[in-house]
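Enquirer: What follows is a structure written as structure tokens; I'll ask about it next.
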Amino acid sequence: MSIGLLSLGAVALDALFGEPRRWHPLVAFGKLANRLEHRFNTGGRGWRSHGVTAWGVAVLPLTIAVWVLSELPFIGWLVGVIALYAAIGLRSLNEHAEPVANALQAGDLDEARRRVGYMVSRETRELDDPAVARAATESVLENGSDAVFAALFWFAVAGAPGVVLYRLSNTLDAMWGYRNERFERFGWAAARIDDVLNYIPARLVALTYALLGKTRLALRCWRQQAPLWDSPNAGPVMAAGAGALGVTLGGPAIYHGELHERPRLGEGPVARADDIGRAMDLVRQGVLLWLAVLILGGWLLA
């Protein structure tokens, strides 16, 4: 069965069922990652070599196991569909974003702040309406790249083991990839590996957003604004996404008690509640485009 059809099957499962409610494999993996961090980074004293070792122990055995299972006759294709289904989070992204937009439209700022706090790591207690809308829109654009498109990319490139390697690495970056005293050295490997794995997908996502929105503006924002962003992959994605939507994102935000003066991204009015839904539509349209390309590519190569 072609990669395109397997990808379509996984996306359909996500649309029908969303993330597993009772037992999600990434929840179990997160518990394993916490144990490894306590073992290899006791008291925040782990070095880069400890982080590399912990990353290998966490990621490689599971990736190899999935590779072996995916090579089995008759069920290998099913392993691939399940692996991709567990890795993508398109419906979950919408389930987090939609309540934020609904609360803003209803004038319930406290609820909107609470809901957007599930999506972002910045402090949300003092955010006004535009800041909440901006945070949610940024999260949709960036997490669309990380949680949906990159998983599809690595599945297309390397099948089930590729998507498992990517998703586990991305999870470790979210847990260990902080620039603080505890993780500065230990989390270095997780952060750098995730940067490498996301480099090509992020730029394909930026191009996808541009093609599906205000193309010239998106490409100009990507070229001029992305280099100013501190993340090599989030910069292109969010700059192109903001340009495609014709809104302004970025700006100051408070993380862990510290004010970060982030560059402005995009061009146009400040994001509003409606722009959260527009960002989700952009992600959905991009997924449909990628699936069409994968299915057509598989048919042409057959």
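Enquirer: In region 263-278, which residues are surrounded by fewer than 18 Cβ atoms within 10 Å (Cβ to Cβ), free of Cβ contacts under 8 Å to residues at least 60 places away in the same chain and within 22 Å of the chain's Cα centre (by Cα)?
Expert: The answer is PRO263, ARG264.
Enquirer: I'm told ARG125 meets every condition in (1) touching an Asp or Glu at 6+ places or on another chain (Cβ under 6 Å); (2) open to solvent by 60 Å² or more (accessible area, probe 1.4 Å); (3) free of Cβ contacts under 8 Å to residues at least 60 places away in the same chain; (4) not aromatic (Phe, Trp, Tyr) except one. Can you identify the failing condition by its number?
Expert: (1)
Enquirer: Please work out which residue is most open to solvent (accessible area, probe 1.4 Å), limiting yourself to region 193-213 and to residues that are charged (D, E, K, R) and under 17 Å from GLY162 (Cα atoms).
Expert: Taking region 193-213 as the starting set, the residues that turn out to be charged (D, E, K, R) are 194-195, 203.
Applying the additional criterion that residues be under 17 Å from GLY162 (Cα atoms) yields 194-195.
Working: ASP194: 11, ASP195: 38 Å².
For region 193-213, the residue satisfying everything is ASP195.
Enquirer: Follow-up. Could you grab me the full set of residues in region 22-45 that are hydrophobic (A, V, I, L, M, F, W, C) and not in a helix (DSSP H, G or I)? Write out each step before concluding.
Expert: Taking region 22-45 and keeping what is hydrophobic (A, V, I, L, M, F, W, C), we get 23, 26-29, 32-33, 36, 40.
Result: TRP23, single match.
Enquirer: Residue under question is TYR85, and the condition is that it be closer than 30 Å to LEU288 by Cα, hydroxyl-bearing (Ser, Thr, Tyr), open to solvent by 70 Å² or more (accessible area, probe 1.4 Å) and touching a helix residue (DSSP H, G or I) at 6+ places or on another chain (Cβ under 8 Å); does it hold? Break it down stepwise before answering.
Expert: Values: closer than 30 Å to LEU288 by Cα: yes; hydroxyl-bearing (Ser, Thr, Tyr): yes; open to solvent by 70 Å² or more (accessible area, probe 1.4 Å): no; touching a helix residue (DSSP H, G or I) at 6+ places or on another chain (Cβ under 8 Å): yes.
In short, no.
Enquirer: Take ARG220 and decide whether it is touching a Lys or Arg at 6+ places or on another chain (Cβ under 9 Å) and surrounded by fewer than 22 Cβ atoms within 10 Å (Cβ to Cβ).
Expert: On the way: touching a Lys or Arg at 6+ places or on another chain (Cβ under 9 Å): no; surrounded by fewer than 22 Cβ atoms within 10 Å (Cβ to Cβ): yes.
Here the answer is no, as ARG220 does not meet what is asked.
Enquirer: For residues that are open to solvent by less than 20 Å² (accessible area, probe 1.4 Å) and either basic (Lys, Arg) or over 16 Å from the mean Cα position of the chain (by Cα) (or both), tally how many sit in region 168-189.
Expert: 4
Enquirer: If you don't mind, there's one more thing I want to ask. Which one is farthest from ALA147 (Cα to Cα), of the residues in region 202-219 that are charged (D, E, K, R) and in contact (Cβ under 8 Å) with a residue 24 or more places away in the chain? Reasoning before the result, please.
Expert: First, the residues of region 202-219 that are charged (D, E, K, R): 203, 214, 216.
The next check asks that each one be in contact (Cβ under 8 Å) with a residue 24 or more places away in the chain; those that pass are 203, 214.
Details: ARG203: 15, LYS214: 23 Å.
Per the criteria, the residue is LYS214.
Enquirer: Within region 223-252, which residues are buried (at least 16 other Cβ atoms within 10 Å of the Cβ), within 20 Å of the chain's Cα centre (by Cα) and small (Gly, Ala, Ser)?
Expert: Within region 223-252, ALA226, ALA234, GLY235, ALA239, ALA240, GLY241, ALA242, GLY243, ALA244, GLY250 qualify.
Enquirer: For a quick check of your reading of the model, give me the residue pairs whose first member lies in region 74-89 and is in contact (Cβ under 8 Å) with a residue 12 or more places away in the chain, whose second is in a helix (DSSP H, G or I) and charged (D, E, K, R), with beta-carbon atoms closer than 8 Å and at least 6 apart or on different chains.
Expert: Note: pairs meeting the criteria are TYR85/ASP14; ALA86/ARG167; ALA87/ARG167; ILE88/ASP14; GLY89/ASP14.
Enquirer: Which residue pairs have Cβ atoms under 9 Å apart, sit 6 or more places apart or on different chains, and have a first residue in region 238-252 that is over 14 Å from LEU219 (Cα atoms) and a second that is at pLDDT below 95 and of a type in the set (Phe, Trp, Tyr)?
Expert: GLY250/TRP229
Enquirer: Condition first: over 22 Å from the mean Cα position of the chain (by Cα) and either small (Gly, Ala, Ser) or at pLDDT below 85 (or both). Now tell me which residues in region 23-44 satisfy that. If you could, list the steps in order and put the result at the bottom.
Expert: Let us first name the residues in region 23-44 that are over 22 Å from the mean Cα position of the chain (by Cα), namely 35-44.
GLY43, GLY44 - these are the residues of region 23-44 that are over 22 Å from the mean Cα position of the chain (by Cα) and either small (Gly, Ala, Ser) or at pLDDT below 85 (or both).
Enquirer: Among the candidates ARG192, ARG203, which residue alone is within 17 Å of the chain's Cα centre (by Cα) and either within 19 Å of LEU152 (Cβ to Cβ) or small (Gly, Ala, Ser) (or both)?
Expert: On the way: ARG192 fails: either within 19 Å of LEU152 (Cβ to Cβ) or small (Gly, Ala, Ser) (or both).
Step by step, each of ARG192, ARG203 is checked, and only ARG203 is within 17 Å of the chain's Cα centre (by Cα) and either within 19 Å of LEU152 (Cβ to Cβ) or small (Gly, Ala, Ser) (or both).
Matching residues to (1) of a type in the set (D, E, K, R); (2) under 23 Å from VAL27 (Cα atoms):
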{"residue": "GLY46", "(1), (2)": "no, no"}
{"residue": "PRO73", "(1), (2)": "no, no"}
{"residue": "TRP77", "(1), (2)": "no, no"}
{"residue": "PRO130", "(1), (2)": "no, no"}
{"residue": "GLU142", "(1), (2)": "yes, yes"}
{"residue": "ALA151", "(1), (2)": "no, yes"}
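Enquirer: Filter region 156-188 for residues that are part of a helix (DSSP H, G or I) and of a type in the set (Gly, Ala, Ser) and give the result.
Expert: ALA156, ALA158, GLY159, ALA160, GLY162, SER169, ALA174, listed by residue number.
Enquirer: So, one more: Inspect all residues belonging to region 86-106 and state whether any of them is of a type in the set (A, V, I, L, M, F, W, C) and farther than 30 Å from ARG134 by Cβ.
Expert: At the first step, the residues of region 86-106 found to be of a type in the set (A, V, I, L, M, F, W, C) are 86-88, 90, 93, 97, 100-101, 103-104, 106.
Cutting the leftovers down to farther than 30 Å from ARG134 by Cβ gives us 86.
Among the residues of region 86-106, at least one is of a type in the set (A, V, I, L, M, F, W, C) and farther than 30 Å from ARG134 by Cβ, which makes the answer yes.
The values are calculated or read from the model by the stated rules, or taken from the named source; none is laboratory data. All values reported here derive from a predicted model rather than from experimental measurement. Quick reminder, even Gly has a Cβ in these numbers, built from the backbone with ideal geometry, and neighbours come from all protein chains shown. To get the accessible areas, we keep the full protein, side chains included, count just its heavy atoms, and leave off ligands, DNA and RNA. Shrake-Rupley method; radii C 1.70, N 1.55, O 1.52, S 1.80 Å.
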